[in-house]
């Protein structure tokens with residue numbers, strides 16, 4: 001298959017960037033040229049919100065990314081820096097990054113140049129259940145808001161996926177407003193479900209249909225998991241009682257970022 005290159009800072013990744021990577025992956029394995037913190041500052045004039053190591057960790061967790069190549073120098077943003085032993089056949093860019101100079105560069109290098117139009121990125125496709133994950137005997141369910149998906153969530157999914165096939169139930173908008181108050185959620189339920197489903201550790205992401213702290217009860221009845229996993233913040237008496245009544249193993253994990261990465265909380269990222 002064609003080797004596909006995309007390039008940029010990929011800082012503070014949200015659904016438009018994930019949708020772009022999803023569309024790029026339709027052409028072949030996506031290789032991300034990930035700018036260093038210094039390159040981001042040089043090209044944009046501001047420091048990245050997240051350090052390169054954290055941006056790389058998040059990108060590598062996306063099922064649409066084949067490989068991440070950290071780059072420490074980008075003399076010209078309209079050209080791809082050379083990476084030893086790797087030469088892409090196609091450079092894919094979003095519409096707002098399309099330039100005549102990029103087109104000329106690709107023509108001079110014998111590369112295919114592809115622009116993803118804005119209208120191609122609309123909506124949040126519902127993915128099928130991935131078939132490339134190994135079969136694990138136990139089913140694991142986690143629930144939450146995931147209103148600003150970050151590296152801490154990715155690490156939580158990574159740890160819980162080690163216990164079995166991971167199903168994530170995302171809280172629906174109305175229930176989050178009920179539990180958390182005005183201004184919540186920041187992102188609508190379909191968008192939050194889409195981002196969660198893009199993480200390679202997740203077998204399936206669903207939207208809850210119940211209410212209260214056990215808003216995922218209807219989905220649990222359908223999935224019939226063996227384990228209900230939460231982090232320390234998500235440990236609630238209602239969840240413990242439900243698991244005791246239904247014979248589910250209840251697992252509480254400590255909040256631990258991936259090695260070398262900072263602790264993240266959605267509240268701090270949102271600002272409320």
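The values are calculated or read from the model by the stated rules, or taken from the named source; none is laboratory data. Model, not experiment: these values are computed from the prediction. Cβ sites come from the backbone with ideal geometry, for glycine too, and all protein chains shown count toward neighbours.
Do any residues in the range 16-27 that are over 15 Å from residue 61 (Cα atoms) have Cβ atoms under 8 Å from those of residues that are assigned to a helix (DSSP H, G or I), where the two are at least six apart or on different chains, and which pairs are they?
16/121; 20/121; 23/120; 23/121
If you go through the range 181-188 one residue at a time, do you hit one that is in contact (Cβ under 8 Å) with a residue 60 or more places away in the chain, under 30 Å from residue 95 (Cα atoms) and not assigned by TED's automatic domain parsing to the domain that holds residue 52?
Yes, there is a match, as at least one residue in the range 181-188 is in contact (Cβ under 8 Å) with a residue 60 or more places away in the chain, under 30 Å from residue 95 (Cα atoms) and not assigned by TED's automatic domain parsing to the domain that holds residue 52.
Quick check, is residue 64 in contact with a helix residue (DSSP H, G or I) (Cβ under 7 Å, 6 or more places away or on another chain), in a loop (DSSP other than H, G, I, E, B), closer than 26 Å to residue 89 by Cβ and in the same structural domain as residue 97 (by TED's automatic domain parsing)?
Answer is yes for this residue.
Give 57, 113 a once-over and let me know the one that is over 30 Å from residue 261 (Cα atoms) and assigned by TED's automatic domain parsing to the domain that holds residue 29.
It is 113.
Quick check on my filter: what residues within the range 227-242 are surrounded by 17 or more Cβ atoms within 10 Å (Cβ to Cβ) and either farther than 14 Å from residue 145 by Cβ or not assigned by TED's automatic domain parsing to the domain that holds residue 263 (or both)?
Result: 227, 228, 229, 239, 242.
Of all residues in the range 249-269, how many are at negative phi and touching a residue at least 40 places away in the same chain (Cβ under 8 Å)?
The qualifying residues number 13.
Got a sec? Which of 270, 255 is surrounded by 13 or more Cβ atoms within 10 Å (Cβ to Cβ), in contact with a helix residue (DSSP H, G or I) (Cβ under 9 Å, 6 or more places away or on another chain) and modelled with pLDDT under 95?
Only one candidate passes the filter, namely 255.
Quick one: would you say residue 160 is touching a strand residue (DSSP E or B) at 6+ places or on another chain (Cβ under 9 Å) and outside any helix (DSSP H, G or I)?
Here the answer is no, as residue 160 does not meet what is asked.
Residue under question is residue 91, and the condition is that it be within 24 Å of residue 5 (Cα to Cα) and in contact (Cβ under 8 Å) with a residue 24 or more places away in the chain; does it hold?
yes
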